[in-house]
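What follows is a single structure, written as structure tokens, with notes after it.
The values are calculated or read from the model by the stated rules, or taken from the named source; none is laboratory data. Because the structure is predicted, anything quoted here is derived from the model rather than measured. Cβ placement follows ideal geometry from the backbone for every residue including glycine, while neighbour counts extend to all protein chains displayed. Only protein heavy atoms, including side chains, enter the accessible area calculation; ligands, DNA and RNA are left aside. Shrake-Rupley method; radii C 1.70, N 1.55, O 1.52, S 1.80 Å.
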Amino acid sequence: MTIQQTVVEVNLKNLKNNLNFLKSKLNPNTLIMGVVKAFSYGADSLIIAKELEKQKIDYLAVAYASEGLALREKGILSPILVLHPQTNDFNTIIEFKLEPSIYSFRILKAFTSCSKFDKNYPFQIKFNTGLNRLGFHENEIDTLIARLNGLKPTYIFSHLGASDDENEKDFSNDQIKIFSSLTENFQNKIGSKIKRHLLNTSGILNFSESQYEMVRTGIGLYGFGNDPKYKNDLRPVINLKTVISQIHKISKGGSVGYNKGFIASDNITIATLPIGHADGISRQYGNGNGNVIVNGKLAPIIGNVCMDMMMINISKITCKEGDPVIIFDDKNLSAEDFTKAIGTIPYEILASLSKRIKRVIIT
Ligand SMILES: *Cc1c(COP(=O)(O)O)cnc(C)c1O
């Protein structure tokens, strides 16, 4: 395919492959929740949600109510868990049949006191088992059950804080133990079995014995595991590609970009690319830290990344204006390697990919 502008390619074949690989780690009756928050980690939540529905996903999850509403407005019908509702979201949540995560007494009150509230409306309860981000603490169960006043959640869940980290196995196992005991306690006190979910992608890969009735997967769907050994099993869904807009010859001593961010120590050739901060390329990639691929070769990003453009050194590469450039993809340079150069992780760059970049579906 010829590239004429910056594009995010969304590879649905890889998405399907990743879903099937993750399924292979699970019992056949364990449900799967596909996490499509943050525009599906930059891919495009509508494209991904549609494909996941085609693959018979059981649940979807978003971070905020507005993300769920956007999917409902485009015809997505699956149950959608809203992980982090805010107090003024509940009428919207109910109007659009989203399922809120209730993670604090303040949020429980906002839910039960909103004007559209109905005592049979489905909701889930989030427990904090060690991440210390959101959720009720184990010692709040009695008060929680009293305040629920007979309401029953569809699911109770928690989130692992270090499931990707080999060195923190004890921490994860402690979280699993706490979850197991508090859910049992909750079920006993509420007087019925409530379904549970705990594992995220690296939880599925490293602690699959704790899969309970459902698991939640985000990054794995998009092609990243927590270990290089999954390289062949999980395939990146998102390729970020652009094109050479213009080529310049710079004489020794000449500067490139704002504030003369780069000074040529030789006669060099540079190329300008139509992608910058506003597209998700942070400033740290500049000044030689990040590299992109032009005609199979690494080209360093030089000078300061601009809002809408950046420049690369192509002195050693045969190329011309209009040639394609790979920022990261599933073959030449992974998002993992691209982001490692500035000490960050694929989650961050994927979630930063601007909506102004065109999405192109690959099947
Ligand atoms: C984002 C998120 C997930 C998905 O995690 P991955 O590591 O991307 O699989 C799961 N659960 C919660 C609560 C999250 O916030």
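List of remarks:
- In whole percents, the pair-distance distribution calculated for the chain from its alpha-carbon pairs, binned every 10 Å from zero, is 5, 23, 27, 21, 14, 7, 2, 0.
- Candidate cross-link partners of Lys231 among the lysines, defined by an alpha-carbon separation under 19 Å and a same-chain spacing of 8 or more, comprise Lys13, Lys16, Lys23, Lys25, Lys331, Lys340.
- Computed P(r) (all Cα pairs; the range 271-341; 10 Å bins; percent): 22, 58, 20
- Taking only the C-alpha atoms of the range 12-225, Rg followed by Dmax gives 16.6, 48 Å.
- Alpha-carbon geometry of the range 127-259: the Rg and the Dmax are 22.8, 78 Å, given in that order.
- Highest-first arrangement of 265-274, 155-164, where packing means the average Cβ count within 10 Å: 155-164, 265-274
- Among the trypsin sites (Lys or Arg not before Pro) in the range 58-143, those placed in a DSSP loop whose Cβ has at most 12 other Cβ atoms within 10 Å are Lys74, Lys116, Lys119, Arg133.
- Hits among lysines - C-alpha to C-alpha of Lys260 under 18 Å, sequence gap 8 or more where chains match: Lys249, Lys252
- Trypsin sites (Lys or Arg not before Pro) within the range 196-268: DSSP coil, no more than 11 neighbouring Cβ in 10 Å: Lys252
- For q = 0.11, 0.14, 0.18, 0.20 Å⁻¹, Debye-computed log10 I/I(0) when each Cα of the range 35-114 counts as one equal scatterer: -0.26, -0.42, -0.66, -0.79
- Summing charges over neighbours of Ile125, with a neighbour being any other residue whose Cβ is under 13 Å away from its Cβ, gives +3 when K and R count +1 and D and E count -1.
- The accessible-area ordering, largest first, of the residues Phe179, Phe262 stands as Phe262, Phe179, per a 1.4 angstrom probe.
- Distances between placed amide hydrogens fall under 5 Å for His137 paired with Asn128, all partners being 5 or more residues away or on another chain.
- Residue order for His84, His137 - accessible surface, 1.4 angstrom probe, largest first: His137, His84
- As a ratio to 2.2 N^0.38 Å, the alpha-carbon radius of gyration computed for the range 67-149 takes the value 1.11.
- If you take the Cα centroid of the range 268-306 and the Cα centroid of the range 188-202, the two points sit 46 Å apart.
- Along principal axes, Cα extents of the range 100-183, largest first, whole Å: 47, 21, 19
- Cα-based convex hull volume of the range 204-363 per residue, rounded to whole Å³: 128
- Hydrodynamic radius of the range 1-77 by the Kirkwood approach over all distinct alpha-carbon pairs: 13.5 Å.
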